Amino acid sequence: MRCFICQHCSNPSFIFREEGTRKVAAEMGLKVVGEILLEMEIRKGCDDGVLVVVLAPESAVSKTYHERTINVVSTLDELARER
C-alpha cells in the first residue's frame, strides 16, 4: 500500500514515506512490481469479508489490483526463465 487520500483535505498520506518503498527496494536490489492506493473500498471490503475485486470489479482499485497481479506474474515468469 502506498498511501491513502485524506477524506478531509484530499492530500495523500504516505504510509512508508513518499518513494520510501522504491528507495528501500533499490538499496536491496529488488524491483517494485507495483503500488496500490489504500482506498475506502478496500477497507469496507475487508470489514465485510468481501474482496474489493468481487465487491466492485470495475472500480479503479480493482483494475489496479489486476494490473499489479499481471506485473507479479510477469516478474515471476522472468525469474523462472533466469534459473
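The values are calculated or read from the model by the stated rules, or taken from the named source; none is laboratory data. None of these values were measured; they are calculated from a predicted model. Every residue, glycine as well, gets a Cβ built from its backbone with ideal geometry; the counts of neighbours run over all protein chains shown.
The table below lists the values:
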{"quantity": "Residues located in region 12-59, provided they are farther than 24 Å from Asp77 by Cα and hydroxyl-bearing (Ser, Thr, Tyr)", "calculated": "Ser13, Ser59"}
{"quantity": "Residue count for region 51-83, restricted to those that are under 26 Å from Pro12 (Cβ atoms) and of a type outside the set (Gly, Ala, Ser)", "calculated": "18"}
{"quantity": "Some residue of region 2-11 being within 24 Å of Glu78 (Cβ to Cβ) and either surrounded by fewer than 14 Cβ atoms within 10 Å (Cβ to Cβ) or at pLDDT below 80 (or both)", "calculated": "yes"}
{"quantity": "Val32 being under 16 Å from Arg2 (Cβ atoms) and not in a helix (DSSP H, G or I)", "calculated": "yes"}
{"quantity": "Extreme residue, farthest from the chain's Cα centre (by Cα), among residues of region 35-54 that are surrounded by 15 or more Cβ atoms within 10 Å (Cβ to Cβ) and part of a helix (DSSP H, G or I)", "calculated": "Gly45"}
{"quantity": "Close pairs from region 24-37: first free of Cβ contacts under 8 Å to residues at least 40 places away in the same chain, partner in a loop (DSSP other than H, G, I, E, B) and among the hydrophobic types (A, V, I, L, M, F, W, C), Cβ under 7 Å, at least 6 apart", "calculated": "Ala25/Val32; Ile36/Met1"}
{"quantity": "Those residues of region 36-74 which are under 23 Å from Glu18 (Cα atoms) and of a type in the set (Ser, Thr, Tyr), in sequence order", "calculated": "Ser62, Thr64, Tyr65, Thr69"}
